[in-house]
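Just so it is clear, none of the values below were taken in a lab; they were calculated from the coordinates. What you are looking at is a predicted structure, and each value in this text was computed from that prediction instead of being measured. Don't worry about glycine lacking a Cβ; one is built from the backbone with ideal geometry, like all the others, and counts go over all protein chains shown.
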Amino acid sequence: MLRSLAAEVIRHERIVTTEAKASEAKRTVDKLITYGKKGTLHHRRLAIAKVPNKAVIRKVFDDLAERYAERTGGYTRVIKLGPRKGDAAPMALVELV
């Protein structure tokens, strides 16, 4: 579940999910972008092990690594939205900064 959630955050750069899933996805996406900034073959293989979607990994290593080259961390932001209508689950927005 975390693999697909992290892939969707990277692909769309913004998703709405529950707060618990959002905090876990934030950790995974931040690690992937850090791997992308390092840019070695070893880090590319570590990233593929976390998210086995080559298009997403390509975006991380080519686009996002350049975008966040000067930033030392905190590549994602979690914004709390309030409860969901159906079951009152706490919702959050996860987006790339």
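The angle between the Cα long axis of helix 2-12 and the main principal axis of the chain comes to about 80°, on a 0 to 90 degree scale.
A protection proxy built from the mean count of other Cβ atoms within 10 Å ranks the segments 9-19, 41-51, 65-75, 26-36, most packed first, as 26-36, 9-19, 41-51, 65-75. Both radii were evaluated on the Cα set of the chain; the Rg over Rh quotient, with Rh as the Kirkwood radius, amounts to 1.01.
The mean sequence separation of alpha-carbon pairs under 8 Å and at least six residues apart, normalised by the residue count of segment 2-96, gives a relative contact order of 39 percent. Relative to the dominant Cα principal axis of the chain, helix 41-50 is inclined by about 20°. Only Lys, Arg, Asp and Glu carry charge here, each on its Cβ (+1 for the first two, -1 for the last two); on that basis segment 1-79 has a dipole of about 240 debye about its Cα centre. Only helical runs count toward this figure. For the chain, summing -39,500 (n - 2.57) over DSSP H runs of n ≥ 4 and dividing by all residues gives -15000 deg cm²/dmol at 222 nm. Taken along the Cα-to-beta-carbon direction at a fixed 7 Å, the label points for R58 and R14 span 2.5 nm.
Remark on A89: its backbone amide H falls under 5 Å from those of R84, a criterion applied only to residues 5 or more positions apart or on other chains, H modelled at 1.01 Å from N. Annotated for the chain: lysine pairs at least 8 residues apart or interchain, Cα distance under 15 Å, count 8.
The base-10 log of I(q)/I(0) for segment 40-97, evaluated at q = 0.19 Å⁻¹, reads -0.81 [Debye formula, identical scatterers on Cα atoms, solvent excluded].
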